[in-house]
Amino acid sequence: MVMAQLPDGEPVPENGILPESALAGFGRRGFGVYLHVPFCASRCGYCDFNTYTASELGGADIDGYLDAIEAELRLARGIVPGRPVDTIFVGGGTPTMLSPAQLCRLLDAINATWGIVGDAEITTEANPESVTPQSLRQLRDGGFTRISLGMQSASAPVLRILDRQHTPGRAPQAAIQAREAGFTHVNLDLIYGTPGESADDFDESLDRATGAGVDHVSAYSLIVEDGTRLAARVRRGELAAPDDDVAADRYLAAEQRLTKAGLNWYEVSNWAADEQARCRHNLLYWRGGDWWGLGPGAHSHVGGVRWWNVKHPKRYAQRLGEGKSPGLGREILTADQRHIESILLGLRLAEGLPTAGLDLARVQPGLLEVKDGRATLTLRGRLMADAVVRDLLT
Amino acid sequence: MPPTFGSNQPGATEPAAIRNFCIIAHIDHGKSTLADRMLQLTGVVDPRLMRAQYLDRMDIERERGITIKSQAVRMPWTIQEGERTGEHAVLNMIDTPGHVDFTYEVSRSLAACEGAVLLVDAAQGIEAQTLANLYLAMENNLTVIPVLNKIDLPAAQPDKYAEELAHLIGCDPDDCIRVSGKTGLGVPYLLDEIVRQLPSPVGDASAPARAMIFDSVYDIYRGVVTYVRVIDGKIEARDRIKMMSTGAVHELLELGVISPEPVKSKAISVGEVGYLITGVKDVRQSRVGDTVTINSRPAKDALGGYKDPKPMVYSGLYPLDGSDYPDLREALDKLKLNDAALVYEPESSAALGFGFRCGFLGLLHLEIIRERLEREFNLELISTAPNVVYRVIMEDGSEVTVTNPSEYPTGKIGAVHEPTVRATVLTPNDFVGAVMELCQGRRGSLLGMDYLSADRVELRYTMPLGEIIFDFFDQLKSRTKGYASLDYEPSGEQEADLVKVDILLQGEAVDAFSAIVHKDKAYAYGTTIAAKLRELIPRQQFEVPIQAAIGSRVIARETIRAIRKDVLAKCYGGDISRKRKLLEKQKEGKKRMKMVGRVEVPQEAFIAALSTSESPDSKSKK
């Protein structure tokens, strides 16, 4: 996942070299790779990710993209030392716009660069309509261990408002096919709070998702991002703006039905069957680990330095073709900023935060519970996580 | 320099040659443009230096088209045609403020004149304030010359309005002079008529000097410039002058006449109008209405009519940014130098922090001061809802003067007195019903009603001032499609059934929202403010009850429901920087929140809730 809006920052040096401080301790923390695939067959009205349809690519193509990723890997190898990768996550866009062979070629390139640990978690996102039993089998054989399908909803009208191309039954079906292809770890993504979605619609979506036997569900409230087609429709009054109280009710429904189906929350928007089913790559983000983000617009973090690549695939390939880092901007976090991040990320997790140094009295009663020296959000607190973070930090 | 000839020598002008007059007109009826033409025709302004609205000095005046501070311009004129052709005269045109808050200043300007030009837009007819000033001029026995302006406009109806003016001042419609300030048509004839019709001043040239101050202006380079009309005797440049109200004696640094730039002279004498500079730095030391005499040979009695300016309307002014408080103090100190009517003292509000309780002559005065503070001193301000001054008599007989609702006593109250005004409304007769309904709704009692002409009506009411300062003018305009005009003057006080309504957030009174209102309106005020606040205050992490209460009795209640969701669903690798920056921004935003107990209230909510634009009346109509 790569946002459309890039933060401000200082420029990345042309050779992409990191300050020494960032590399101190590298290797003792987890190390992941994110790979961004910026292609989509069509753009969904709510989406503000960095992705392009064929007509928007300005001459960039998949072959050029694959070459550029390999070029970025060569550059990266010169910047962070050899250290086998713990997790890989291929996101988009629509990663399955690449063939299984192309996706596997990129895994090989990562392996050739840093190596991949034996029990690595290797995830790709996929659209339900763009996978087949054969392609799923090829992905599994090529080394992928986990698949994340964008189901969004089991309601046809909701899928239509979201501009999704698949039919309501396709995502659970694809999940079942993935399991049959050998994936033990399958995630379904859901979106709630879409204008026109009823409580029953969302209950149905939850039931269809858990009914497919997946070991992981992510559920997100719909966010109307500036500049999207959805935002324009809301502005024109064609669609109602999502309502926070409705979203709260949906969240409670998700918690109730997912828990009943044996999936437990481990992050505000993520539920998993057990420890092994949790997405280790995302946990690495939330626990302040290191990762290299490959591809146009991808974000990276190593040792308190965050940087992000140029967004357009053509520009990205050009920069690498000139032997330059595709990094557009970066920020070297201060101790204070790292502290803020550790709280805003750590609080989202079921494992919570150590209470040492936290002024819990600033938080409204009923939002946090303390156990074994750690503070964790209550169910009500999960819905108020940002307010709790603000109260803890200000 | 103006051409100097014959008798036009300041200090040595024959009273018989002097004509002191003012122009009574409504805003935008063309007074400044007519004055411009007179400056040109009399030759006192070089044509190359002429600019529009020459006499309006302050930017705000020029932009808003209103004249706040009057000035006096000395112009020579020789009758050009008709009877007494060739007769030389010296005209002193004394400008008068054109708005309701400055009645006292107007009365002093009128007292400096023997005649008045009643200037009325031939397309609009007379307005209430003009009418009020006309009555004032007639009470002062001024000779009135009726003039219809803008006769070049296609919409002009000079015959109709000549009838109206003739009816009002008891003359023949043909006596109304028709001019166009814009083209200059008819203006020379008007100047001739001023010399022919207006009486010249009568005073005792050999008596001890007495001069009346009709204006006093602070100039950053020269200190206070005092405008006077000499009634008796003579003031010479080397004299030491004495203010008769205080006995203070000042050295004269300069005296002279304005023509229309200052012209120093050796003396100003009986019947003349001129300026004095003493080096004082505060207009309070040189007050409008006071009598100036000569220290070495003082007059025995002051001229009558002096009054201390009395604030009628109070409002709290608070800087949006608390750290601007010292700047606000400094700005008020500066404005005060030029405004004898402005009073203020520090106050603090639990909700708004440190600010000043300021007293004004009226709403326009408040608006002008506020605008000047914001524009000239770059301050961002919150002003609390304006209120009048109440006199509260306790059951034990003690008396409390309340200029701020928070001072309203809590003990046993015997009676409450509120100031009243005598209001005059002029309206086309189609709207008489609407105006009466409005005035009665504002506790007005009808004093009388007259037809000025077949379709224009004058309504006179006694009304509480407190009702007028609460968006009465806006309501009047909207109910009469903008046609009605309003004037009012203080007329004393009355006992009334008033209560203080408090607004409570989570049980805690917010001082800035307390108001003193009539018992019958308490409920409407309470529900309106509570409903407004429910819209304006963002949901908090807990439920916030909003109550309106009289004492401990709750009369209205609203609830801001607790927020249930405040979390961004997604937070992955690429979101982290954005999320952290958002948090940092929210931390800054929190600093701009005012805390009322545990409730965070954005400043915008205070500003919006305190604005009177959404009154109970306007709301109930929607």
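The values are calculated or read from the model by the stated rules, or taken from the named source; none is laboratory data. Keep in mind that what you see is a predicted model, and the values were worked out from it rather than measured. Virtual Cβ from ideal backbone geometry, glycine too; neighbours counted across all protein chains shown. Calculation scope for accessible area: heavy atoms of the full protein, side chains included, ligands and nucleic acids excluded. Shrake-Rupley method; radii C 1.70, N 1.55, O 1.52, S 1.80 Å.
Observations on the model:
- Unmet criterion (only one of (1) surrounded by 23 or more Cβ atoms within 10 Å (Cβ to Cβ); (2) β-branched (Val, Ile, Thr); (3) within 14 Å of chain B (Cβ to nearest Cβ)) for residue A:246: (1)
- Any hit, region A:78-87, residues being more than 17 Å from residue A:306 (Cα to Cα), modelled with pLDDT under 95, over 16 Å from the mean Cα position of the chain (by Cα) and not in a loop (DSSP other than H, G, I, E, B): yes
- The residues of region A:321-368 that are part of a loop (DSSP other than H, G, I, E, B), open to solvent by 10 Å² or more (accessible area, probe 1.4 Å), in contact with a strand residue (DSSP E or B) (Cβ under 8 Å, 6 or more places away or on another chain) and more than 10 Å from chain B (Cβ to nearest Cβ), listed by number, are A:350, A:351, A:355, A:358.
- Checked against (1) of a type outside the set (Lys, Arg); (2) more than 18 Å from residue B:227 (Cβ to Cβ); (3) at pLDDT 90 or above, residue B:335 meets all criteria but (3).
- Selected residue [more than 14 Å from chain A (Cβ to nearest Cβ), more than 30 Å from residue A:36 (Cα to Cα) and in contact (Cβ under 8 Å) with a residue 24 or more places away in the chain] from B:603, B:540: B:603
- Any hit, region A:14-24, residues being more than 30 Å from residue A:223 (Cα to Cα), assigned to a loop (DSSP other than H, G, I, E, B) and polar (S, T, N, Q): yes
- Residue check for residue A:284: open to solvent by 60 Å² or more (accessible area, probe 1.4 Å) and either small (Gly, Ala, Ser) or outside any strand (DSSP E or B) (or both): no
- Filtered residue count, region B:300-350, keeping only those that are in a loop (DSSP other than H, G, I, E, B), touching a Lys or Arg at 6+ places or on another chain (Cβ under 7 Å) and open to solvent by 80 Å² or more (accessible area, probe 1.4 Å): 0
- Candidates are the residues of region B:87-137 that are in a helix (DSSP H, G or I) and hydroxyl-bearing (Ser, Thr, Tyr); the one that is modelled with the lowest pLDDT is B:103.
- Failed criterion for residue B:485 (all others in (1) in contact with a His (Cβ under 8 Å, 6 or more places away or on another chain); (2) open to solvent by less than 50 Å² (accessible area, probe 1.4 Å); (3) farther than 25 Å from residue B:474 by Cα hold): (3)
- Residues in region A:298-320 include none that are within 10 Å of another protein chain (Cβ to nearest Cβ), farther than 30 Å from residue A:54 by Cβ and open to solvent by 30 Å² or more (accessible area, probe 1.4 Å).
- Residue within region A:227-237 that is over 22 Å from residue A:123 (Cα atoms) and touching a helix residue (DSSP H, G or I) at 6+ places or on another chain (Cβ under 7 Å) present: no
Yes/no per residue for (1) in contact (Cβ under 8 Å) with a residue 40 or more places away in the chain; (2) over 23 Å from the mean Cα position of the chain (by Cα); (3) over 30 Å from residue B:112 (Cα atoms):
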| position | (1), (2), (3) |
| --- | --- |
| B:303 | yes, yes, no |
| B:315 | yes, no, yes |
| B:331 | yes, no, yes |
| B:337 | yes, no, no |
| B:343 | no, no, no |
| B:348 | no, yes, yes |
| B:362 | yes, no, no |
| B:366 | yes, no, no |
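Here's the yes/no breakdown for (1) under 22 Å from the mean Cα position of the chain (by Cα); (2) open to solvent by less than 30 Å² (accessible area, probe 1.4 Å); (3) not assigned by TED's automatic domain parsing to the domain that holds residue A:50:
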{"position": "A:205", "(1), (2), (3)": "yes, yes, no"}
{"position": "A:214", "(1), (2), (3)": "yes, yes, no"}
{"position": "A:220", "(1), (2), (3)": "yes, yes, no"}
{"position": "A:260", "(1), (2), (3)": "no, no, no"}
{"position": "A:265", "(1), (2), (3)": "yes, no, no"}
{"position": "A:280", "(1), (2), (3)": "yes, no, no"}
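- Per-region count, region B:501-521, residues open to solvent by less than 40 Å² (accessible area, probe 1.4 Å) and either within 29 Å of the chain's Cα centre (by Cα) or in contact (Cβ under 8 Å) with a residue 60 or more places away in the chain (or both): 10
- Residue within region B:216-223 that is within 23 Å of residue B:102 (Cα to Cα), in contact with an Asp or Glu (Cβ under 8 Å, 6 or more places away or on another chain) and in a strand (DSSP E or B) present: yes
- Residue check for residue A:234: over 22 Å from the mean Cα position of the chain (by Cα), away from every other protein chain (no Cβ under 14 Å) and of a type in the set (A, V, I, L, M, F, W, C): yes
- Of all residues making up region A:305-320, the number that are in a strand (DSSP E or B) and not hydrophobic (A, V, I, L, M, F, W, C): 2
- Of all residues in region B:565-587 being open to solvent by 20 Å² or more (accessible area, probe 1.4 Å), assigned to a helix (DSSP H, G or I) and at the interface with chain A (Cβ under 7 Å from one of its Cβ atoms), the one that is nearest to residue A:36 (Cα to Cα): B:575
- Residue ID - most open to solvent (accessible area, probe 1.4 Å), chosen from residues in region B:35-51 that are more than 15 Å from residue B:78 (Cβ to Cβ) and over 31 Å from the mean Cα position of the chain (by Cα): B:48
- Residue tally, condition within 9 Å of chain B (Cβ to nearest Cβ) and touching a helix residue (DSSP H, G or I) at 6+ places or on another chain (Cβ under 7 Å), over region A:382-394: 7
- Filtered by the rule that a residue be in contact with a helix residue (DSSP H, G or I) (Cβ under 6 Å, 6 or more places away or on another chain) and either among the polar types (S, T, N, Q) or over 24 Å from residue A:231 (Cβ atoms) (or both), region A:36-56 gives a lone residue, A:37.
- Qualifying residue in region B:544-564 (condition: within 14 Å of another protein chain (Cβ to nearest Cβ), in contact with a helix residue (DSSP H, G or I) (Cβ under 6 Å, 6 or more places away or on another chain) and not small (Gly, Ala, Ser)): yes
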